[in-house]
Amino acid sequence: MLTPVPMPSFGARRAIARALGLTCLLVISGGCAVGDRVGAGGTLINIDRPVRIPPNSAHTSFQGGRQVAGTSKLAPYCELEIKTVSTEPQQIQPGTYRVSGGRYTLLKDPTTRLPALITGFSCSDAVYQESLWLMRAPPEGNLHSLRCIRPLFHCLMAPPLTLYEARDLTGSAFSIVPPESELPANPRP
């Protein structure tokens, strides 16, 4: 005769589902952060026109192919970050900057940069995939990085944003020149 097995409580089932989801997420993402991505080092980013940084800020935002005052956290966006904050507007002059490294992180909140895997989350929470490219500027330069965010919903996963996707988000402000050993500057057909 079979003995019925009691069903775990709703809270226990939820904890099991969360642990299973977190384990799958760790396997897919490779942990909290991934170091330099193959091909990022040596890539050049051309800033093709002057970019204005608003007063009292160290970054400006791009979404949908243009520079914007504020971003929607429901769609991918990028931020060009500098090293200093000033009460006056600042401007990044056109020039060529070398990508010196990259980092990819899964965040609970893109504003505070709180890692998602430390705080835990459920599939009803949005998580944000951060792609950060450090930029080597001349010694007197103020440029720090290009940071792009991809929102993810309902436990769906996607690869980190590429520099080519970042170029699409920033519009005419940037162009990408890959290392000579890679594909042509415009890899799309």
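Coordinate-derived values only; no laboratory data. Since we're looking at a predicted model, the values are computed, not measured.
Residue by residue, what Karplus-based ³J(HN,Hα) values in Hz, rounded to whole numbers, does region 42-58 have, using 6.51, -1.76 and 1.60 with θ = phi - 60° and x for Gly and Pro?
x, 5, 10, 10, 8, 8, 8, 8, x, 10, 8, 9, x, x, 6, 9, 10
Using θ = phi - 60° and the Karplus relation 6.51 cos²θ - 1.76 cosθ + 1.60, list the HN-Hα couplings for region 168-175 in order, rounded to whole Hz, with x at every Gly or Pro.
5, 6, 8, x, 7, 6, 10, 9
Which value, in nm² and rounded to one decimal, describes the direction-averaged projected area of the C-alpha convex hull of region 47-110?
Values: hull surface 21.3 nm².
Averaged projected area of region 47-110's Cα convex hull equals 5.3 nm².
Go through region 150-160 residue by residue and turn each phi into a ³J(HN,Hα) via Karplus (6.51, -1.76, 1.60, θ = phi - 60°); whole Hz please, and just put x for glycine and proline.
Once θ is set to phi - 60°, the couplings for region 150-160 become 10, x, 10, 10, 6, 6, 7, 10, 8, x, x Hz.
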